[in-house]
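The values are calculated or read from the model by the stated rules, or taken from the named source; none is laboratory data. Because the structure is predicted, anything quoted here is derived from the model rather than measured. A quick note on method: Cβ atoms are made from the backbone with ideal geometry, for glycine too, and the neighbour counts reach across all protein chains shown. With ligands, DNA and RNA removed, areas are computed over all heavy atoms of the protein, side chains included. Shrake-Rupley method; radii C 1.70, N 1.55, O 1.52, S 1.80 Å.
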Amino acid sequence: MKILYGVQATGNGHITRARVMAPALAQEGIEVDFLFSGRPPEKLFNMEPFGDYQTRRGLTFTVIDGKIDRWRSLAQNNLLQLVKDIRALDLQQYDLIISDFEPITAWAAKLQRKPCIGIAHQYAFSYPVPGPRIGRVMMPMIRFFAPVQQGIGLHWHHFDSPILPPLIEAQPYPITVQSGMILVYLPFENREQIRQWLLPFSDYEFHVYCDIDHPEEDEHIFWRPLSRDAFRQAQACCDGVIANCGFGLASEVLQAGKKLLTKPLTGQPEQISNAAVLEHLGLAEVFDELEADQFYRWAGQSAPEPVAYPDVAAALARWIHNGCDQSAQELAEELWQGVIAEQLAGPVTT
């Protein structure tokens, strides 16, 4: 069996899911080629697990000071190149296409009548989740952006729907707590704004991962270049995490049992929904502007219990190897049995 796996590379969460799926699929004897789009190739990092992967321009969005700029996003996306890349992608050698919300592989599969499944957080919006009812708005866009024959959605709770647990890799480092050390990842925010937020809290040490070439020190703020391994090390020993509301990172924070203070990206419906769900489940605090009272209240909280998510990647790889015959509902029920009920804090009604 040979698969082409398309990954939307705008956010690191999509890449992380593919990084987890790669060895699981290999374990099942499945040959996989990877294609990434939505980010310049030179901005990709720690891509060794994907071998001789392909890249395309694809589609992305522009963020200015923590807010999506719709006009610049529209201007920078080359729709003509997108169509050319879709039509030029030859899928003849592949038995199955997997799309993690990646448009070129999904549309090429649709046009060439190749079987295509989607594995992504976005497909959970097919079902009612707590918070703003963005599914009605998002699902038509999701179906148009990356059309698939079957979408497998992932979320922090099943909400009585065929939604799977998060697809994340196990933390490779021992979980400890370095008191007062806060890990910060706010890639869509203005760096000076981040600095102004953090400067007043001089009794804490902030390790901020961002797009720089070399480490920098600024009083109690330590700026660090992007590195998957270094970030996981910091995640394992930090006292808490401040981040935007991407699904993948929040899932890793919950798995590690770290408290989370999160800022949804303005104008991004998925992150707005994520923030609402985290609050609904009592798993995180949300902010728009970091204020002293909220920060100190959050920082003074005890660490939550880690959430023991099952090995979703292995289950999905077996499911794919067996021809995707098992229903999504059965697969979801099987996987959620491995999550202790008490770990799903808060109400779960929709």
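Which peptide among 259-270, 142-153 comes first, and what is the full order, when sorted by highest mean count of other Cβ atoms within 10 Å? Don't skip to the answer; put the middle values down first.
Values: 259-270: 20.2, 142-153: 18.7.
The densest-packed peptide leads the list: 259-270, 142-153.
Could you give me the ³J(HN,Hα) list for the range 23-38, computed from phi with Karplus coefficients 6.51, -1.76, 1.60 and θ = phi - 60°, whole Hz, x at Gly and Pro?
With coefficients 6.51, -1.76 and 1.60, one gets x, 5, 5, 4, 4, 8, x, 8, 7, 10, 10, 10, 10, 10, 9, x Hz.
Take residue 2, project a point 7 Å from its Cα along the Cβ direction, then tell me which residues of the range 26-52 have their backbone nitrogen under 11 Å from it.
31-33, by backbone N distance to the label point.
Check which residues have an amide H placed less than 5 Å from residue 120's amide H, if you skip close sequence neighbours.
The answer is 152, 154.
Considering only protein heavy atoms, with the full assembly of protein chains and a 1.4 angstrom probe, order 280, 220 by accessible area, largest first.
Largest to smallest exposure gives the sequence 280, 220.
Determine how many Å³ per residue the convex hull of the Cα atoms of the chain encloses.
In the chain, the Cα convex hull volume per residue is 131 Å³.
In whole Hz, with x marking every Gly and Pro, tabulate ³J(HN,Hα) for the range 221-226 from phi via Karplus 6.51 cos²θ - 1.76 cosθ + 1.60, θ = phi - 60°.
10, 10, 7, 10, x, 5
Do the sum for the chain: with -39,500 (n - 2.57) for every DSSP H run of n ≥ 4, divided by all residues, what is the mean residue ellipticity at 222 nm, to the nearest 500 deg cm²/dmol?
-10000 deg cm²/dmol
Which chymotrypsin sites (Phe, Trp or Tyr not before Pro) from the range 164-229 combine a DSSP loop assignment with at most 15 other Cβ atoms within 10 Å?
none
Tell me the accessible surface of residue 219 in square angstrom (1.4 angstrom probe, heavy atoms of protein chains only), to the nearest ten.
Per-residue accessible area (residue 219): approximately 140 Å².
Restricted to Cα positions, what overall size does the range 182-299 have along the principal axes? Three whole-Å values, descending.
Its Cα atoms span 37, 31, 27 Å along the three principal axes.
Determine, for the chain, the count of lysine pairs separated by eight or more sequence positions (or lying on different chains) whose alpha-carbon distance falls under 20 Å.
Number of lysine pairs found: 5.
Where the accessible area of the range 128-206 is counted over protein heavy atoms with a 1.4 Å probe, how much of it, in %, is carbon and sulfur?
The nonpolar share, carbon plus sulfur, comes to 55 percent.
What are the residues whose amide H is under 5 Å from the amide H of residue 146, where those residues sit 5 or more places off or on another chain and H is modelled from the backbone?
For residue 146, whose amide H was placed from the backbone, there are no distant partners under 5 Å.
Percent antiparallel among DSSP beta bridges with both residues in the chain, to the nearest 5?
Bridges in the chain are about 10 percent antiparallel.
Given a 1.4 angstrom probe, what's the average accessible area per residue across the range 198-350, in square angstrom?
Normalised by residue count, the accessible surface of the range 198-350 is 42 Å².
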